[in-house]
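The values are calculated or read from the model by the stated rules, or taken from the named source; none is laboratory data. Fair warning: this is a prediction, and the values are worked out from it, not measured in the lab. Ideal geometry is used to build each Cβ from the backbone, glycine not excepted, and the neighbour counts take in all protein chains shown.
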Amino acid sequence: MKKLIFAIALAVFAAVGGNGALAADGQYDLVILHGRVIDPETHFFGYRNLGIKNGIIETITEDEIAGKEVIDAKGLVVAPGFIDTHIHGITKLGRKLSLLDGVTTALATEFGVLDVDKFYDERKKWRGNYGATVGLDLARMKVLDHYTAQDDIEWLTATKKVAEKGASNWSTKIPTPEEEKQILALVKKGLDRGAIGVGIAVGYAPAGITAREVYEVQKLAAEYGRITASHTRFGSGRPPQEFVLGGDEIIANAIYLGGPALFQHFHNADWQLGAEILEKVQAQGYPIWGEIYPYAAYSTQIGSSFVSVENFKANGLDISKTVLDPSTGKFLTEEEFSKLRKEHPNHLIIVFSRKKEDIPKWVALKGVFIGSDAMPALDVDGNVLPEDAPYEKIVTHPRAAGTHARVLRVARENHIPLMRVVANMSYWPAKRLGDTGLEAMQKRGRIQEGMVADITIFDPKTVKDNADYGAGKNGLPPTGIPYVIVNGVVTVKDSKLVPDAWAGQPIRYPVR
Ligand SMILES: [Zn+2]
């Protein structure tokens, strides 16, 4: 009898659970065994087993544990899922590429979206976590060009459609007081609908957006305590339009207004000064951060204001060695460049304007987010490709497919601490955005008990990017990232998408 009571007590204890060592078989939905766990917040880096249940990391233990699904992570690093603060291609294929690159959360912050409800509603069945700012440039399109972004929320399609109408007020017109009121009302509406902040791509409309308009929009974001993310004004390395002056504008407003700000892809001309300014304001406690991606070339539409023959010449750049057409994999001559710019201003180009030697220096920066600036995965004619399209068909900047693996490879090759780069790709964006009150980010970016199980598992010895600038190579996925887990669901397995994994959640403020 005594024996029986003891057995019952033991069974009850096991059923109640909570202790990994005593967990019965199948207690956890998923266990990740024998991996080297890295947690940038606590600076922990050691061998542990993880038990995951209901999308949450329930146990981190040295004990043997069992679960319904098992990942053997021997020889692999178990890191917080990567949070990409700058993505444009939130199409199904674009999101697939970033998931294969370890990104569990992708945020469209630069151009943002206009119809915030629509953005979130359309992604109810989505593979990775998703979020967006409300975009000033799109609000300007609606008010100044009467373009209602009903069908497409991606800036690329939006700018194309506006250009087809022959309209360009969004980028060149200084609004009347009445128009400005309408623009601000649209931005405010986006914030009320839970946008994670405002996106001010003033670099695309430097002649139309006044300093006061930037200030007023940042003021709105600051009133809500949310970020201003900005592709800042100016794109030159020389006076009077030095790139870093555009950063100063956003940073100064953030200080005046007490709001958080993100200086996007600041690894342009005089990036060392940008990095020093960011360090100084952070040392004084201001919530102002920077973001880079690890490529010497940028990508944009050939008609963009800062992509001009004059600007290239002023900066000593030879167009025939600077501007690549990814649809052909060839550099454009000055003549071809001018023709394409005039006739097809929305054509995507790749511009080699930065120094390759600086890549490891950007990757080594402390507390700087990695924002891939992923462009949509389009075909050679500029059409959106389906999720299962062959990778060779994708025409884009390789950053859409390889940013995070590249950071890990560059770190390995240059002896940059893994803790630092993993922090830049996961913990820092989660911490900074979480500090603005964004609850979904307070529970991510950490491998700790009680945190959301967004996890990226990679091989530190072999992980590398494969996407490159040559034709047919732009969208090649990386190697060495075998598993990506989103909200506890294995979404990438053996470096391939799991077909029925749709665990993505909205990253959004409560709707007011
Ligand atoms: Zn940009």
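Below are the figures for this structure:
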| read-out | value |
| --- | --- |
| Single residue of ALA221, ALA261, ALA252 found to be closer than 17 Å to LEU184 by Cβ, modelled with pLDDT of 95 or more and among the small types (Gly, Ala, Ser) | ALA221 |
| Residue match in the stretch 292-304 (condition: farther than 19 Å from SER372 by Cβ, more than 16 Å from the ligand (Cβ to nearest atom) and crowded, with 19+ Cβ neighbours inside 10 Å) | no |
| From LEU97, LEU136, LEU114, LEU93, residue being touching a helix residue (DSSP H, G or I) at 6+ places or on another chain (Cβ under 7 Å), modelled with pLDDT under 95 and in the same structural domain as ASP388 (by TED's automatic domain parsing) | LEU114 |
| Residues located in the stretch 203-242, provided they are aromatic (Phe, Trp, Tyr) and within 16 Å of the ligand (Cβ to nearest atom) | TYR204, PHE234 |
| Hits in the stretch 422-442 - residues which are surrounded by 24 or more Cβ atoms within 10 Å (Cβ to Cβ) and among the β-branched types (Val, Ile, Thr) | VAL422 |
| Members of the stretch 353-375 found to be more than 16 Å from the ligand (Cβ to nearest atom) and farther than 18 Å from VAL103 by Cβ, listed by number | LYS355, LYS356, GLU357, ASP358, ILE359, PRO360, LYS361, ALA364, LEU365, LYS366, GLY367 |
| The lone exception for ALA201 - which of (1) in contact with an Asp or Glu (Cβ under 6 Å, 6 or more places away or on another chain); (2) free of Cβ contacts under 8 Å to residues at least 12 places away in the same chain it fails | (2) |
| Residue in the stretch 72-91 that is among the aromatic types (Phe, Trp, Tyr), more than 21 Å from MET375 (Cα to Cα) and either part of a strand (DSSP E or B) or within 16 Å of the ligand (Cβ to nearest atom) (or both) present | no |
| Pair list, Cβ < 8 Å and 6+ apart or interchain, from the stretch 396-412 residues that are buried (at least 24 other Cβ atoms within 10 Å of the Cβ) to residues that are assigned to a helix (DSSP H, G or I) and of a type in the set (Phe, Trp, Tyr) | ALA401/TYR391 |
